[in-house]
Amino acid sequence: MRREVPKDSAATLTRRSLLRGVGGLAALHLAGWPAAARAGSVGDPRLVLVILRGGLDGLAAVPAVGDPHWSSARAGLEGPGVGDTGGPTRLDALFALDARLGSFRDLYAREQLTVVHAVSLPYRERSHFDAQNLLESGGTRPFALPHGWLGRAIQTQPGHGAVGLQPVLPLVLRGSETATSWSPSSLTPPGRELLEGAEALYRRDPALAAGLRQGQAGRRIVSRGGKREAAAWGGASFPGLASAAAAFLSHADGPRVAVLELGGFDSHSLQALPNGGLDRALRELDAGIATLHATLGGVWGQTVVVVATEFGRTVAMNGSGGTDHGTAGAAFVLGGAVAGGRVVCDWPGLGPGQLHEGRDLRPTRDLRSVWMGVLRDHMAVSETALHGEVFPGSAAVAPLAGLVRG
Amino acid sequence: MEPTNRKRQAALATRRFGLGARPGEMRTIGADPRAWLTSQLVAEHELPKPLQELPSTGDDAWAFFGWLLDQGRAARRARRRGEPAPDARGSLEEVFHPRYERALQARFQVAADTDAPFRERLVHFWSGHFVISSARPVTVALPPSFERDVVRPHVTGRFEDMLLASSKHPGMILYLDNERNLGPRSQRARNPRKRLIELPIDAPTGLNENLAREILELHTLGVDGGYTQADVTSFAKVLTGWRIRVRPFFRGLYDGADLVQFDEEAHEPGPQEVLGKVYAQQGMDQGEAVLHDLVRHPATARFVATKLARHFVADVPAPSLVDRLALVFRETEGDLAAVSAALVTSEEAWTAEARKLRRPEELLMAAGRALPEQAPDGAMLHRTLREMGQLPQWASSPAGFPDIEGEWSGGDAVWKRLAWAQEHGGRAAKDFHDAGAVVARADDVLGEALHPDTRVAIARAGGPAEALALMLASPEFQRR
């Protein structure tokens, strides 16, 4: 069944389209980003996508402690219990949240975090390459689409603008003419003479001229680069890049969409160890979300952050104290604009007969439905576009409703 | 040919097909730029000296596995004592980054010095076609020896030999998971308790399609080459058992022989059908027969021709150029000297405007040749190219680095190109008296490609540093 586009979103879309038509041209050249709805009202949404690379173990981040098979299914992987020191915090009768995700816990308590569990891409194999490609391309077959779902979604509303906190544009943002990238630079910023000289030479090279204009805009908003820049932005650490993303999103002339990535979730061995790979990755993720919350300031209320990974992991421990590539896992939707404080899930269970191929958490929801719900209800992307150019082959996937405060 | 036209073609040859000119290079090209290029395809070429000193494939492979075994021991020791696990990622960087920087510096030194820059460009092109990447820890040390042992010997030889060498190199076997590719009806799948010595990575559990898929999609036919999922699965079964000989590693007896050999117990027995043909051979002959036929498939000729024309000539190359290269590839069954010669003798390759944006690595190599007084510095190249988003041999996917302008002309990218031009100009300025000396160098290395406006701007710059920055930032230096 097709859902109606909510009235609010339709109104926002219309207003934005009008503004783009009228005010867009004049402001375009100043910032490098086309100006759109710059009113700073609740109708001026911000979206952050956080890509977790390596395959987050959803059952480590959001353990299903209430499942009757929990202890047996996770033998060897369980840390301290609920209520113990360093143990997970109860979310509801079934789920808890890992203690290392402290800022997630606080957001959940403030009803600004929704966990979506037993979710996966439309992909049932276990290759990082293929799954990460689908995570960004939004397609149904690896490497079949040359751009990303978020780039295509923004292209339906170019007024939003987007920035990837990476040296090159991430696949997920490709397809948008207004998307650009930014990452810390230890290079000394170009001086005035060189800038003016290059601008003059680039009059016969529009692509370089446009790139320089965008690059300058990015540097004006966030940082000028230089020997100390890497340090200023946390040495390109995840929290450092999160604060840079916040600087972009909260700037009046900045982009409205940001993409961050964090690696280190491929926990094949010793994943329960303190200071192991997964431990550090979870702490870094938590610190980054806390930084984003703190530095977004006044626009936090207009912000939705989606945290997603390419696949979950095996339910049981493998031979080396870790978990191998699996299927379903957990995703997070958080931010001041989120109607949170719940776990959205059609729980498949952890019993021996309930697992996918006898080893993985069984997927009961398509991850694309989460993105579609956020794009439709927060960014006012039409369902026609969602089922069309944004997510080709998604006719059977309904956007997940109710993620955003209405 | 008119003298002006000849000079223009010499400038084009150094930029489009070479690595950018060294001082004096334009003069050595002489009257016939095409002959200068084709002569680089036939001459015997020794392994450049800086590469002779780099470790062998066996040393590179052992470096990682030895490190991994040490990590395992350290982790077990820590666990016994109840201590936190050691910082594996930190240790990986500490051990392998200096190693990488030595290889990177050698690669740039070769690029700066070579008098066969077209040949060297072809090496880089084919390294970007048969991609293995240090981004996967398991292949962190292997790309330099892969390029030297797989790509260099065949760069003007047969495509089939390069494809075979690539598919049998431990770097490719590990990078695309064929070490974990186990035939579902193989002896070991039917009898899991039959243990073999394994590398210290995940033991194989079942069919792994990675290598088969990428050979079809990225190395031969291309994604639209007309194969199906069933072909991928069958080909993956064909490739089961192409694995690394583990025993010499663990006995410290590695003797330099081929590291990849046939593991009968992991191989899926029986004939397989790939692209409508049944392959009933035994052992590695089965896979070699598939590779032999893939080289002769028309889709492979077209895929390779398109990539070559796109890389050297234009993001959207003339269809007639692609057609001609594909025809030569098919008629010669993948003779890469013939295909490369066809590229540089095609009219379309000389009439197209020089609009390709140099990727960061190409840009820094061109600077290394234009300003050879500045010796390459591995650590600095590592930092700069990482920040610019093209750390060589460190691509984030087996598709390698993209080869169209839109991927490299974003805001961050152009700003950093300018910042780099300023820094590099500053470093090189001590070798120039004044802006006038920089004009002379720009004339020398850009020749007819130097635009009058750029020439005036360089001449008017406040000093040699500013003049060099403008030269490096100019559209004619950024493009080729």
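Scan the stretch A:182-194 residue by residue and report those that are facing another protein chain (nearest Cβ under 7 Å), without any contact (Cβ under 8 Å) to a residue 24 or more places away in the chain and not small (Gly, Ala, Ser).
Residues satisfying the conditions are A:Pro190, A:Glu193, A:Leu194.
Return the residue satisfying two criteria in turn: it lies in the stretch B:448-480 and is outside any helix (DSSP H, G or I) and more than 11 Å from chain A (Cβ to nearest Cβ), and of such residues it is farthest from A:Glu196 (Cα to Cα).
B:Arg480
Which of the residues spanning the stretch B:84-105 are of a type in the set (D, E, K, R) and either loosely packed, with under 14 Cβ neighbours inside 10 Å or at pLDDT 85 or above (or both)?
If the condition is that a residue be of a type in the set (D, E, K, R) and either loosely packed, with under 14 Cβ neighbours inside 10 Å or at pLDDT 85 or above (or both), then B:Arg89, B:Glu93, B:Glu94, B:Arg99, B:Glu101, B:Arg102 are the ones that fit.
Looking at A:Gly32 and the list (1) surrounded by fewer than 21 Cβ atoms within 10 Å (Cβ to Cβ); (2) at pLDDT below 80; (3) not hydrophobic (A, V, I, L, M, F, W, C), which single condition is not satisfied?
It is condition (1) that A:Gly32 fails.
If only one of A:Ala198, A:Ala153, A:Ala209, A:Ala217 is surrounded by fewer than 24 Cβ atoms within 10 Å (Cβ to Cβ), part of a helix (DSSP H, G or I) and either at pLDDT 90 or above or not basic (Lys, Arg) (or both), which one is it? Give the steps one after another, and end with the answer.
Details: A:Ala198 fails: surrounded by fewer than 24 Cβ atoms within 10 Å (Cβ to Cβ); A:Ala153 fails: surrounded by fewer than 24 Cβ atoms within 10 Å (Cβ to Cβ); A:Ala217 fails: surrounded by fewer than 24 Cβ atoms within 10 Å (Cβ to Cβ).
Within the list A:Ala198, A:Ala153, A:Ala209, A:Ala217, the selection yields A:Ala209.
Does B:Ala437 fit the bill of being of a type outside the set (S, T, N, Q) and more than 30 Å from B:Asp315 (Cβ to Cβ)?
On the way: of a type outside the set (S, T, N, Q): yes; more than 30 Å from B:Asp315 (Cβ to Cβ): yes.
Spelling it out, B:Ala437 is indeed of a type outside the set (S, T, N, Q) and more than 30 Å from B:Asp315 (Cβ to Cβ).
Consider A:Gly297 carefully, then state whether it is modelled with pLDDT under 90, surrounded by fewer than 22 Cβ atoms within 10 Å (Cβ to Cβ), farther than 12 Å from A:Leu56 by Cα and more than 16 Å from the chain's Cα centre (by Cα).
Criteria not met by A:Gly297.
Can A:Val116 be described as part of a strand (DSSP E or B), of a type outside the set (Ser, Thr, Tyr) and more than 22 Å from A:Ile221 (Cα to Cα)?
Working: part of a strand (DSSP E or B): yes; of a type outside the set (Ser, Thr, Tyr): yes; more than 22 Å from A:Ile221 (Cα to Cα): yes.
So A:Val116 fits the description; yes.
Which ones in the stretch B:12-64 are aliphatic (A, V, I, L, M), more than 17 Å from B:Gly368 (Cα to Cα) and crowded, with 16+ Cβ neighbours inside 10 Å?
If the condition is that a residue be aliphatic (A, V, I, L, M), more than 17 Å from B:Gly368 (Cα to Cα) and crowded, with 16+ Cβ neighbours inside 10 Å, then B:Leu12, B:Ala13, B:Ile29, B:Leu37, B:Leu41, B:Leu51, B:Leu54, B:Ala61, B:Ala63 are the ones that fit.
Taking the stated definitions as given, is A:Arg313 under 29 Å from A:Pro68 (Cβ atoms) and touching a strand residue (DSSP E or B) at 6+ places or on another chain (Cβ under 6 Å)?
no
Are there helices (runs of 4 or more DSSP H) fully within the stretch B:303-364 with at least 2 residues that are at pLDDT below 95? List them.
Result: B:348-351.
Counting only residues that are charged (D, E, K, R) and away from chain B (no Cβ under 11 Å), how many does the stretch A:156-181 have?
The qualifying residues number 0.
When you go through B:Arg358, B:Arg383 one by one, which is the residue that is of a type in the set (D, E, K, R) and crowded, with 19+ Cβ neighbours inside 10 Å?
On inspection, the qualifying residue turns out to be B:Arg358.
So which of A:Leu134, A:Leu150, A:Leu145 ends up being within 17 Å of A:Gly312 (Cα to Cα) and assigned by TED's automatic domain parsing to the domain that holds A:Thr364?
When all the criteria are applied, what remains is A:Leu134.
Do you know which of the residues in the stretch A:111-150 that are of a type in the set (D, E, K, R) and modelled with pLDDT of 85 or more is surrounded by the most Cβ atoms within 10 Å (Cβ to Cβ)?
Within the stretch A:111-150, the match that is surrounded by the most Cβ atoms within 10 Å (Cβ to Cβ) is A:Glu136.
Looking at A:Leu56, A:Leu107, can you tell me which residue is assigned to a helix (DSSP H, G or I) and under 23 Å from the mean Cα position of the chain (by Cα)?
Of the residues listed, the single one that is assigned to a helix (DSSP H, G or I) and under 23 Å from the mean Cα position of the chain (by Cα) is A:Leu107.
Of all residues in the stretch A:156-180 being outside any loop (DSSP other than H, G, I, E, B) and surrounded by fewer than 24 Cβ atoms within 10 Å (Cβ to Cβ), which is modelled with the lowest pLDDT?
A:Pro158
Can you tell me which of (1) under 25 Å from A:Gly340 (Cα atoms); (2) buried (at least 24 other Cβ atoms within 10 Å of the Cβ) is the one A:Ala96 doesn't meet?
(2)
Spot the failing condition for B:Ala419; the list is (1) crowded, with 20+ Cβ neighbours inside 10 Å; (2) more than 24 Å from B:Thr139 (Cα to Cα); (3) more than 14 Å from chain A (Cβ to nearest Cβ), and only one is missed.
For B:Ala419, the failing item is (3).
Take B:Ala31 and decide whether it is assigned to a loop (DSSP other than H, G, I, E, B) and either without any contact (Cβ under 8 Å) to a residue 40 or more places away in the chain or touching an Asp or Glu at 6+ places or on another chain (Cβ under 7 Å) (or both).
Here the answer is yes, as B:Ala31 does meet what is asked.
Hey, does the stretch B:287-301 have a residue that's within 21 Å of the chain's Cα centre (by Cα) and more than 23 Å from B:Ala230 (Cβ to Cβ)?
Yes: one or more hits.
What number goes with the only condition from (1) touching a helix residue (DSSP H, G or I) at 6+ places or on another chain (Cβ under 8 Å); (2) within 14 Å of another protein chain (Cβ to nearest Cβ); (3) surrounded by fewer than 22 Cβ atoms within 10 Å (Cβ to Cβ) that B:Glu407 does not pass?
Unmet for B:Glu407, out of (1) touching a helix residue (DSSP H, G or I) at 6+ places or on another chain (Cβ under 8 Å); (2) within 14 Å of another protein chain (Cβ to nearest Cβ); (3) surrounded by fewer than 22 Cβ atoms within 10 Å (Cβ to Cβ): (1).
Given the structure, is B:Glu53 without any contact (Cβ under 8 Å) to a residue 12 or more places away in the chain, closer than 30 Å to B:Asp113 by Cα, within 21 Å of the chain's Cα centre (by Cα) and more than 13 Å from chain A (Cβ to nearest Cβ)?
Judged against the criteria, B:Glu53 is not a match.
Given B:Val439, B:Val445, which one is more than 10 Å from chain A (Cβ to nearest Cβ), surrounded by 17 or more Cβ atoms within 10 Å (Cβ to Cβ), over 32 Å from the mean Cα position of the chain (by Cα) and part of a helix (DSSP H, G or I)?
Values: B:Val445 fails: over 32 Å from the mean Cα position of the chain (by Cα).
Step by step, each of B:Val439, B:Val445 is checked, and only B:Val439 is more than 10 Å from chain A (Cβ to nearest Cβ), surrounded by 17 or more Cβ atoms within 10 Å (Cβ to Cβ), over 32 Å from the mean Cα position of the chain (by Cα) and part of a helix (DSSP H, G or I).
The values are calculated or read from the model by the stated rules, or taken from the named source; none is laboratory data. Since this is a predicted model, take the numbers as computed values, not measurements. Ideal geometry is used to build each Cβ from the backbone, glycine not excepted, and the neighbour counts take in all protein chains shown.
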